[in-house]
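The values are calculated or read from the model by the stated rules, or taken from the named source; none is laboratory data. Everything numeric in this text was worked out from a predicted model, so none of it was measured. Glycine gets a Cβ as well: all are built from the backbone with ideal geometry, and neighbour counts include every protein chain shown. Note: areas computed on protein heavy atoms with side chains; ligands, DNA, RNA excluded. Shrake-Rupley method; radii C 1.70, N 1.55, O 1.52, S 1.80 Å.
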Amino acid sequence: MPSVFLKTYGCQMNERDSEAVAAQLVAKGYALAPSEAVADVVLLNTCSVRDNAEQKAIDKMTNLAGQFRKQRPGVVLGFLGCMAQSRGKELIDQLPDVDLVVGTQKFHRVADYVDDLLAGRRDQVVDTDEERGSEATIKKHLLNGAAHGKAVSAFVSIMQGCNQYCTFCIVPYTRGQERSRTIPDIVAECRELVARGVREVMLLGQIVTSYGRRAERPAPSVDGQGPSTLDPRPSTSAFVQLIEAVHAIEGLERIRFTSPHPKGYGDDLVAAYGRLPKLVESAHLPVQSGSDRILKLMHRGYTRARYLDIITKLRAVRPEMGITTDIIVGFPGETEADFAETLSLVREVEFDNAFVFKYSPRRDTPAAAMPDQLPEEVIEARHAQLLATVNEIAERKNKACEGRMLEILVEGPSRKNPARLEGRTRTNKIVVFEGSDRHIGQVMNVRIVHAAPFTLYGDPAILNLN
């Protein structure tokens with residue numbers, strides 16, 4: 001059978017979608033190529049959150065098309081995902097050598113479309129239509145990406161879409177309205193993963209804390225083990241009920257989730273960190289700005305004070321809580337005073353890390369048409385200043401870990417030095433240490449002897465290697 005190379009741009013949801021597509025292709029007999037240079041099919045799973053991500057994918061495909069047109073004209077080229085959804089046939093009009101454009105609700109159709117293209121049954125395919133039930137089609141896993149095929153952690157997609165409509169964001173237009181899977185369906189997938197050796201699951205959604213809010217009716221149980229409907233408890237959200245159900249799976253060690261929205265952090269979710277030990281003390285909580293004026297223009301739905309209140313509550317339940325965030329600098333109309341508010345919030349919260357993004361206009365979003373778009377040089381300067389502040393705090397917090405004993409889940413070889421192993425603390429810090437393959441998948445304690453800005457190092461002489 002032919003071979004396929006799949007390159008992914010963007011977020012963890014995109015990574016999960018790519019894995020599911022790859023698993024479907026492998027199930028049909030396709031091989032996964034180590035690079036595009038030797039592949040019969042090259043697929044780019046794209047991101048539209050920022051212009052830079054779109055341009056990278058377009059430039060990559062332009063280069064591939066030019067190269068293969070001369071050397072290997074039979075190679076199938078395709079765009080998948082968010083940019084494919086947003087631009088559709090426009091991509092083929094721009095790059096006629098592209099054979100396949102598949103949107104965000106059609107990932108499960110990719111393998112069949114590739115079959116058709118290779119067999120000559122179709123010349124080109126563009127499919128960006130909505131499809132009812134597509135949120136439940138991202139289920140297949142490869143689990144062979146780790147060393148020796150022993151995957152320790154896995155992504156589980158629990159929902160698709162977003163109803164938030166932040167003024168800067170194109171995601172509601174590329175991913176559609178919120179659509180949630182049933183709890184039994186998700187639990188069944190997690191059970192299967194654990195049976196295959198997975199110790200940690202990451203629950204994924206555009207806004208995971210909105211899980212189940214648009215459920216229309218009870219769904220039938222898929223495995224007969226546990227309730228198939230949402231518990232009517234008024235004080236417990238559907239998302240917390242899902243976490244409880246996953247938490248009950250025997251053999252699962254850790255639960256993480258991303259990305260939430262501050263509006264979804266009710267008291268029930270905060271309390272869950274204290275009563276569900278498998279829910280690790282790690283929260284990625286996007287703030288985007290520290291200025292109430294900018295938050296209102298962004299249509300975020302909370303204030304600075306509300307955000308800080310959530311942080312206070314989380315740290316009251318779990319003082320060691322690792323907290324990361326997303327921040328946008330240079331939003332239209334952002335003044336020096338607004339930016340100073342963001343800087344002060346970062347210093348007040350002391351995030352363990354933050355993803356700092358330069359505002360990028362997205363077509364058809366309200367922010368793109370707002371007045372007072374900032375000059376690029378202003379955005380660049382603010383980005384550099386904020387990033388330096390974030391990094392200084394992150395390094396200081398890592399240094400505070402030196403000499404401490406921390407629990408890690410060993411994931412596999414270090415990405416930068418395969419001769420060493422890499423694990424992750426409950427607060428989501430990476431720890432590199434010397435060990436053997438038999439420790440992959442184990443939960444163990446290590447003493448931190450050195451802290452770099454973004455990595456901790458454990459002493460092999462005092463590891464619990466039994």
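Select, from 78, 88, 66, 29, the only residue that is within 30 Å of residue 355 (Cα to Cα) and surrounded by fewer than 21 Cβ atoms within 10 Å (Cβ to Cβ).
Exactly one residue qualifies, and that residue is 88.
Write out, first by first residue and then by second, each pair whose Cβ atoms fall under 7 Å of each other, whose residues are 6+ apart or on separate chains, and whose first residue, in segment 301-325, is over 22 Å from residue 387 (Cα atoms) while the second is open to solvent by 60 Å² or more (accessible area, probe 1.4 Å) and not in a strand (DSSP E or B).
301/263; 302/263; 303/292
Taking only pairs six or more apart or across chains, which ones have beta-carbon atoms under 7 Å, a first residue in segment 87-106 that is small (Gly, Ala, Ser), and a second residue that is open to solvent by 10 Å² or more (accessible area, probe 1.4 Å)?
Hits for this filter: 88/126; 88/128; 103/85; 103/127; 103/128.
Return the residue satisfying two criteria in turn: it lies in segment 1-16 and is of a type outside the set (S, T, N, Q), surrounded by 17 or more Cβ atoms within 10 Å (Cβ to Cβ) and under 10 Å from the mean Cα position of the chain (by Cα), and of such residues it is nearest to residue 113 (Cα to Cα).
16
Being open to solvent by 10 Å² or more (accessible area, probe 1.4 Å), among the aliphatic types (A, V, I, L, M) and on the phi < 0 side of the Ramachandran plot narrows it down to one of 367, 394, 400, so name that one.
400
When you scan segment 1-103 for strands (runs of 3 or more DSSP E) that lie fully inside it, which ones turn up with 1 or more residues that are over 29 Å from residue 202 (Cβ atoms)?
By residue number, 76-81.
Out of the residues in segment 436-466 that are small (Gly, Ala, Ser) and modelled with pLDDT of 90 or more, which is farthest from the chain's Cα centre (by Cα)?
The residue in question is 458.
Residue-wise test of (1) closer than 30 Å to residue 330 by Cα; (2) assigned to a loop (DSSP other than H, G, I, E, B); (3) open to solvent by less than 10 Å² (accessible area, probe 1.4 Å); (4) modelled with pLDDT under 95.
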residue	(1), (2), (3), (4)
145	no, yes, no, yes
191	no, no, no, no
203	no, no, yes, no
214	no, yes, no, yes
230	no, yes, no, yes
233	no, yes, no, yes
240	no, no, yes, no
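All but one of (1) open to solvent by 20 Å² or more (accessible area, probe 1.4 Å); (2) in contact with a helix residue (DSSP H, G or I) (Cβ under 7 Å, 6 or more places away or on another chain) hold for residue 40; which doesn't?
(2)
Residues of segment 98-121 being surrounded by fewer than 17 Cβ atoms within 10 Å (Cβ to Cβ) and farther than 17 Å from residue 4 by Cβ, which ones?
120, 121
Looking only at segment 403-435, filter to residues that are open to solvent by 40 Å² or more (accessible area, probe 1.4 Å) and more than 27 Å from the chain's Cα centre (by Cα); which one of those is farthest from residue 279 (Cα to Cα)?
Top of the filtered list is 419.
Using beta carbons and a limit of 9 Å, which pairs, at least six apart or on different chains, have the first residue in segment 392-409 and closer than 24 Å to residue 344 by Cα and the second one open to solvent by 40 Å² or more (accessible area, probe 1.4 Å) and hydrophobic (A, V, I, L, M, F, W, C)?
394/454; 395/454; 398/454
Taking segment 350-389 on its own, how many of its residues are in a helix (DSSP H, G or I), without any contact (Cβ under 8 Å) to a residue 60 or more places away in the chain and not hydroxyl-bearing (Ser, Thr, Tyr)?
Residues in segment 350-389 being in a helix (DSSP H, G or I), without any contact (Cβ under 8 Å) to a residue 60 or more places away in the chain and not hydroxyl-bearing (Ser, Thr, Tyr): 15 in total.
For segment 311-331, enumerate the residues that are surrounded by fewer than 21 Cβ atoms within 10 Å (Cβ to Cβ) and touching a Pro at 6+ places or on another chain (Cβ under 7 Å).
326
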